[in-house]
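The values are calculated or read from the model by the stated rules, or taken from the named source; none is laboratory data. Keep in mind it's a predicted model, so treat the numbers as computed, not measured. Positions of Cβ are generated from backbone atoms using ideal geometry, with glycine treated the same way; all protein chains shown enter the neighbour counts.
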Amino acid sequence: MTAIAQPHPATGPVDGPKANDAAYDAIIVGAGFAGLYMLHRLRALGLSARVIEAADGVGGTWYWNRYPGARCDIESLEYQYGFDDDLPREWKWSERYASQPEILHYLNHVADKLDLRRDIQFETRVTTAHFDEASSRWQIETDRRQDKSRMDFGGDRFSAAHCIMATGCLSAPRRPGFKGLESFEGDWYHTGYWPHEGVDFTGKRVGVIGTGSSAIQSIPHIARQAAHLTVFQRTPNFSIPAHNGPIDHEVERQMTERYTEVRRRARASAAGVVSRAPSERSAMQVSEAERQEEFEARWQYGGLGMGGAFIDIVISPEANETAADFVRAKIRGIVKDPATADLLCPKDYPFATKRLCVDTEYFETFNRDNVTLVDVKSSPIEEITPKGLRTTDAEYEFDALVFATGFDAMTGALLGIDIRGRGGNALADAWAAGPRTYLGLQVAGFPNLFTITGPGSPSVLTNMIVSIEQHVDWITGCVEYMLEHGIRTIEPSVEAQDAWVEHVNQVANLTLFPRANSWYMGANIPGKPRVFMPYIGGLGTYAQKCDEVAANGYEGFTLA
Ligand code: N01
């Protein structure tokens with residue numbers, strides 16, 4: 001059954017001065033993979049739901065990240081919806097790793113096929129979401145007015161029984177905070193906020209700041225166009241070749257024939273993928289020759305599977321060092337200038353404890369005559385100047401600057417909205433010492449607020465689409481349960497939340513992850529609490545726990 005996204009008659013008017021707000025069963029914030037699927041599921045329950053989206057189209061992260069070379073680092077056949085058997089069969093991916101335009105095309109196809117757009121309000125940003133205890137409903141305000149009939153000022157307002165954040169984990173680009181940026185006379189760009197019309201760097205002197213995944217993907221493309229490219233690196237990254245190429249149609253046929261089964265296995269796996277599963281062997285219990293053979297096989301296969309070459313790679317410093325040494329040797333084998341190669345070799349954090357990168361000819365790019373690598377760890381960038389930038393060592397002139405400086409990950413988009421729960425308490429205060437959730441799904445004191453792939457869930461450590469579907473399915477089941485049992489609100493108990501946060505921290509502390517200054521730890525944002533935000537216990541274990549909680553009448557939650 002399909003509901004119509006209009007004020008829901010069953011919900012009734014909301015008391016008080018906001019009685020004119022459009023009332024829905026659910027407001028969903030964001031129209032990426034998560035928001036689209038959530039809308040589809042709630043409609044099937046017969047609920048009224050509206051998606052509020054800042055962009056003028058669907059796609060979320062794949063709408064914004066249009067920088068040259070942007071593509072997925074999970075294989076196309078796994079990085080797609082799995083809830084509908086027809087979708088994987090009818091959609092044909094062209095490459096092993098899909099490019100950003102192809103993924104965006106896919107999401108537009110899904111939005112059309114499921115007729116989702118009529119319930120999405122584009123070019124509108126949610127600014128506040130306040131829980132009204134009297135009505136047990138969320139009051140949501142936006143920055144834009146579509147309802148011209150209202151006489152007051154401000155954006156459209158909504159009231160909803162459920163407020164569902166599908167805001168993404170890497171969707172709040174980190175604005176470059178460099179002194180003097182406004183004085184720069186050339187053009188500057190952020191990879192996470194790229195112009196739709198594209199950028200032509202032909203004949204230009206370009207500076208790229210940052211060497212994370214976005215930089216590693218865009219640098220080879222920019223280098224092929226620019227007159228000269230200077231890369232400013234603070235921390236080198238471990239990157240594995242993608243070995244991208246046309247899709248293997250036989251693999252595609254086999255996978256899509258039994259996609260439900262593939263997806264069931266993916267959800268039960270540690271990282272939400274079935275290709276190149278993590279090994280069960282310890283790196284320290286095999287011979288040197290066997291270790292090298294495994295590393296080489298995974299390097300030749302390409303992609304993120306390198307991180308799962310041995311079970312103890314992110315647990316044992318010795319095991320980790322063997323993987324780090326292997327990749328460093330590869331870098332030195334590719335990059336001809338020994339000093340540049342040395343600079344490109346990560347040395348001061350364990351392998352795979354910052355998100356691994358997957359590249360196409362990244363290291364090879366530094367063999368080009370028109371590319372220079374500058375170490376800004378030893379001589380940091382002091383300021384942007386009208387003509388370029390100055391480090392503590394030297395001054396550089398550019399026609400264009402590209403900031404690949406990343407995101408305020410996992411909490412940035414949520415805390416960018418003024419979210420207030422019971423007693424007017426702000427989420428920003430509740431999370432002042434780091435995010436606290438129960439299962440990454442809900443926050444104590446914020447009834448009926450759901451966070452799809454929120455902090456405290458496996459999210460960014462997995463194939464996001466599998467984790468998104470697991471969360472959306474769980475939330476749908478929860479909302480259905482509430483409807484069936486006449487329950488108006490659900491929220492975690494403080495005790496259940498505290499116990500979960502402690503468990504998330506304990507598991508993280510068994511690994512080497514906390515040793516790196518990564519965005520997983522919030523370390524890329526000055527002043528952000530240093531907390532390992534995702535849950536590293538594995539998606540399969542986690543999904544089972546979520547299912548058990550639901551089967552036990554939503555154990556750990558308070559239902560009223
Ligand atoms: O951002 P990042 P990203 N001076 O935070 C540097 C996903 N993703 O956009 O490491 C100089 O990784 C910073 O240096 P440091 C993926 O999960 C996926 O590249 O803080 N440098 C770092 O090098 C990824 O991990 C895909 O020392 C400064 C860089 O900027 C995540 O998004 C593609 C600086 C930021 O790297 C984020 O990736 C792209 C300063 N003041 C992204 N400030 C795929 O699916 C920051 N830096 C393939």
Margin query: Condition first: more than 16 Å from the ligand (Cβ to nearest atom) and either buried (at least 23 other Cβ atoms within 10 Å of the Cβ) or in contact (Cβ under 8 Å) with a residue 40 or more places away in the chain (or both). Now tell me which residues in region 179-196 satisfy that.
Written below: S183, E185, G186, D187, P195, H196
Next item on the list: From (1) part of a loop (DSSP other than H, G, I, E, B); (2) within 11 Å of the ligand (Cβ to nearest atom); (3) surrounded by 21 or more Cβ atoms within 10 Å (Cβ to Cβ), pick out the condition that doesn't hold for L389.
Entry: (1)
Check: For the subset of region 406-433 comprising residues that are under 24 Å from I209 (Cβ atoms) and touching a Phe, Trp or Tyr at 6+ places or on another chain (Cβ under 9 Å), which member is surrounded by the most Cβ atoms within 10 Å (Cβ to Cβ)?
Finding: M410
Note to self: Looking for something part of a loop (DSSP other than H, G, I, E, B), closer than 17 Å to R267 by Cα, among the small types (G, A, S) and assigned by TED's automatic domain parsing to the domain that holds S136 - is there at least one such residue anywhere in region 492-503?
What the structure shows: no
Notebook entry, point to check: So A5 clears everything in (1) over 16 Å from the mean Cα position of the chain (by Cα); (2) part of a loop (DSSP other than H, G, I, E, B); (3) surrounded by 18 or more Cβ atoms within 10 Å (Cβ to Cβ); (4) at pLDDT 95 or above except one condition, right? Which one?
Noted result: (4)
Notebook entry, point to check: Can you tell me which residues in region 218-239 are near the ligand (Cβ under 10 Å from one of its atoms), within 18 Å of Y67 (Cα to Cα) and among the hydroxyl-bearing types (S, T, Y)?
Noted result: S218
Check: Looking at region 179-293, what helices (runs of 4 or more DSSP H) fall wholly within it and have at least 3 residues that are out of contact with any Ser or Thr (no Cβ under 6 Å at 6 or more places or on another chain) and among the basic types (K, R)?
Finding: 259-268
Note to self: Every residue in region 537-551 that is of a type in the set (A, V, I, L, M) and either surrounded by fewer than 19 Cβ atoms within 10 Å (Cβ to Cβ) or at pLDDT below 95 (or both), please.
What the structure shows: A550, A551
Note to self: What pairs come out if I take residues in region 379-397 that are under 16 Å from V206 (Cβ atoms) and pair them with residues that are of a type in the set (G, A, S) and surrounded by fewer than 18 Cβ atoms within 10 Å (Cβ to Cβ) whose C-beta lies under 7 Å away, six or more apart or interchain?
What the structure shows: I384/G180; I384/S183; T385/G180; T385/S183
Check: Mind checking whether some residue in region 466-489 is more than 23 Å from C163 (Cβ to Cβ) and either touching a residue at least 12 places away in the same chain (Cβ under 8 Å) or not assigned by TED's automatic domain parsing to the domain that holds C72 (or both)?
Finding: yes
Next item on the list: Give the number of residues within region 78-97 that are within 15 Å of the ligand (Cβ to nearest atom), in contact with a helix residue (DSSP H, G or I) (Cβ under 8 Å, 6 or more places away or on another chain) and under 13 Å from P246 (Cβ atoms).
Entry: 2
Next item on the list: Out of H109, H105, report the one residue that is in a helix (DSSP H, G or I) and free of Cβ contacts under 8 Å to residues at least 12 places away in the same chain.
Entry: H105
Item checked: Residue under evaluation T211, criteria (1) under 19 Å from R355 (Cα atoms); (2) touching a helix residue (DSSP H, G or I) at 6+ places or on another chain (Cβ under 6 Å); (3) within 14 Å of the ligand (Cβ to nearest atom), criterion not met -> (2)
Checklist line | Residues of region 461-475 that turn out to be among the β-branched types (V, I, T) and either within 11 Å of the chain's Cα centre (by Cα) or not in a helix (DSSP H, G or I) (or both), as a count | finding: 3
Next item on the list: Pull up region 336-386, narrow it to residues that are more than 11 Å from the ligand (Cβ to nearest atom) and aromatic (F, W, Y), then point me to the one that is nearest to A70 (Cα to Cα).
Entry: Y362
Check: Restricting attention to region 50-69, does a residue exist that is closer than 19 Å to A266 by Cβ, touching a residue at least 12 places away in the same chain (Cβ under 8 Å), assigned to a loop (DSSP other than H, G, I, E, B) and hydrophobic (A, V, I, L, M, F, W, C)?
Finding: no
Notebook entry, point to check: Within region 197-205, can one find any residue that is farther than 23 Å from N370 by Cα and either within 16 Å of the ligand (Cβ to nearest atom) or crowded, with 18+ Cβ neighbours inside 10 Å (or both)?
Noted result: no
Notebook entry, point to check: Which condition number does G60 fail, the rest of (1) over 21 Å from F407 (Cα atoms); (2) at pLDDT 95 or above being met?
Noted result: (1)
Item checked: Members of region 476-491 that are in a loop (DSSP other than H, G, I, E, B) and charged (D, E, K, R) -> R488
Next item on the list: Count, please, the residues in region 235-285 that happen to be modelled with pLDDT of 95 or more, polar (S, T, N, Q) and under 22 Å from the mean Cα position of the chain (by Cα).
Entry: 5
Next item on the list: Could you please tell me which pairs satisfy a Cβ distance under 9 Å, a separation of 6+ or placement on different chains, a first residue in region 321-344 that is farther than 20 Å from R355 by Cα, and a second residue that is surrounded by fewer than 14 Cβ atoms within 10 Å (Cβ to Cβ)?
Entry: R332/P338; A341/G333
Check: Which residues, taken from region 396-412, are touching a strand residue (DSSP E or B) at 6+ places or on another chain (Cβ under 7 Å) and either more than 10 Å from the ligand (Cβ to nearest atom) or not hydrophobic (A, V, I, L, M, F, W, C) (or both)?
Finding: Y396, E397, F398, D399, A400, L401, V402, T405, M410, T411
Next item on the list: State which residue pairs qualify: first residue outside the structural domain of D473 (by TED's automatic domain parsing) and surrounded by fewer than 18 Cβ atoms within 10 Å (Cβ to Cβ) and inside region 261-279, second residue among the charged types (D, E, K, R) and in a loop (DSSP other than H, G, I, E, B) in any location, beta carbons under 8 Å apart, and separation of 6 or more residues or different chains.
Entry: S275/E75; S275/E78
